[in-house]
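**Student:** First the structure, then my questions, so here it is.
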Amino acid sequence: MAELIDGKAIAAEMRQEIAADTQALIKQGVTPGLAVVLVGEDPASRVYVSMKEKACAAAGIFSDEYKLSAETGEVELLELITELNADEKIDGILVQLPLPEHIDEAKVLEAISPDKDVDGFHPYNVGRLVTGNPLFQPCTPYGIMKMLEHTGVDLKGKEVVVVGRSNIVGKPVALMCLAEHATVTICHSRTQDLAKKIAAADVVIAAVGRPEMIKGSWIKPGAVVIDVGVNRVGDKKLVGDVEFEAACENAAAVTPVPGGVGPMTITMLLYNTLVSAKRRAKKTLRF
Ligand code: GUN
């Protein structure tokens, strides 16, 4: 039977350290601040945004929420970002994605100062990740790396198969594994003979957003499985991108859904905001 990688416990431990560091920084006169911008009424986004606010409060980080109507124009949103870029109380700016259709997402992400880009989505920060000199790294993949580290997985020379090629998870996590000297294969929903690719993997990172698409029988005995998928099936049940029970038969360690990768994402957002505030305290800004 596989070991469960308890994201909730790892996140709780990290959040305690973040809260302690935050208190120390506040004593020096710098309170970390995060601005969260939500455009529209997407129910899932609302839930995430309120979770982010609560997590900030618990860690002692100041947070300010901007809830804009779904009809908000691009110019108005860009103006708000310009204001937040100049606001000295704000160390991190997070614009919740997805944005409404009429707003150009790339334009908005590029408007955020790279010094405050705690989501790590600005092309400047993406470029620094690609070149192996990261500043802010995207929260979900960064959280995955922390979980692997915590579980004692050494990626050097290992075969890592990433399933999914999104800008938020698949592409950045592949780069992070490469930086740890893994041999990385990026697969996706159109990859031929995915079973064969998975069967060769020492570490599988599934972020494809399709319920139980990766069969447990494909997993190599002793492999580590990180499941980023959160798929609602039926009325209530949440399942990952990997068949959990069957994967447990083969894998050495698996993340559950929920309680695996999920709690790490917001933890890394708090972490990045704290790092940004520490940079402000040292005044090492302008990238
Ligand atoms: N939507 C889904 N995941 C994310 C994330 O990590 N950050 C932001 N800003 N929006 C998201």
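**Student:** Select from the range 59-96 the residues that are of a type in the set (A, V, I, L, M, F, W, C) and within 28 Å of residue 13 (Cβ to Cβ) and write down the one among them that is nearest to the ligand (Cβ to nearest atom).
**Tutor:** Checking each candidate, the answer is 94.
**Student:** Further, regarding this structure: Give the residues of the range 180-221 that are out of contact with any helix residue (DSSP H, G or I) (no Cβ under 6 Å at 6 or more places or on another chain), surrounded by 14 or more Cβ atoms within 10 Å (Cβ to Cβ), of a type in the set (D, E, K, R) and under 19 Å from residue 251 (Cα atoms), sorted by residue number.
**Tutor:** Scanning the range 180-221 gives 197, 202, 212, 215.
**Student:** Right, another one. Filter the range 39-71 for residues that are under 24 Å from residue 280 (Cβ atoms), touching a helix residue (DSSP H, G or I) at 6+ places or on another chain (Cβ under 8 Å) and free of Cβ contacts under 8 Å to residues at least 60 places away in the same chain and give the result.
**Tutor:** The answer is 58, 60, 62, 63, 65, 66.
**Student:** Also: When the residues of the range 148-174 are narrowed to those that are within 16 Å of the ligand (Cβ to nearest atom) and not charged (D, E, K, R), which ends up nearest to residue 219 (Cα to Cα)?
**Tutor:** The extreme case among them is 164.
**Student:** Kindly indicate whether residue 125 is of a type in the set (S, T, N, Q), without any contact (Cβ under 8 Å) to a residue 60 or more places away in the chain and within 16 Å of the ligand (Cβ to nearest atom).
**Tutor:** yes
**Student:** Here are the criteria: (1) hydrophobic (A, V, I, L, M, F, W, C); (2) loosely packed, with under 14 Cβ neighbours inside 10 Å; (3) part of a loop (DSSP other than H, G, I, E, B). Tell me which single one residue 97 does not satisfy.
**Tutor:** (2)
**Student:** Which one of 250, 231 is within 15 Å of the ligand (Cβ to nearest atom), surrounded by fewer than 19 Cβ atoms within 10 Å (Cβ to Cβ) and of a type outside the set (A, V, I, L, M)? Give the derivation first.
**Tutor:** Details: 250 fails: within 15 Å of the ligand (Cβ to nearest atom).
None of the other options fit; the residue is 231.
**Student:** While we're here: For residue 55, state whether it is out of contact with any Lys or Arg (no Cβ under 6 Å at 6 or more places or on another chain) and buried (at least 20 other Cβ atoms within 10 Å of the Cβ).
**Tutor:** When the stated conditions are applied, residue 55 passes them.
**Student:** Return the pairs, sorted by first residue and then second, in which the second residue is more than 10 Å from the ligand (Cβ to nearest atom) and hydrophobic (A, V, I, L, M, F, W, C), the first residue lies in the range 128-142 and is under 15 Å from residue 167 (Cα atoms) and in a helix (DSSP H, G or I), the beta carbons are less than 7 Å apart, and the residues are 6+ apart or on different chains.
**Tutor:** 128/135; 129/175; 130/175; 140/228; 140/261; 141/173; 141/176
FYI, it's all coordinate maths here, none of it is from the lab. Quick caveat: nothing in here was measured; it's all calculated off a predicted structure. Cβ sites come from the backbone with ideal geometry, for glycine too, and all protein chains shown count toward neighbours.
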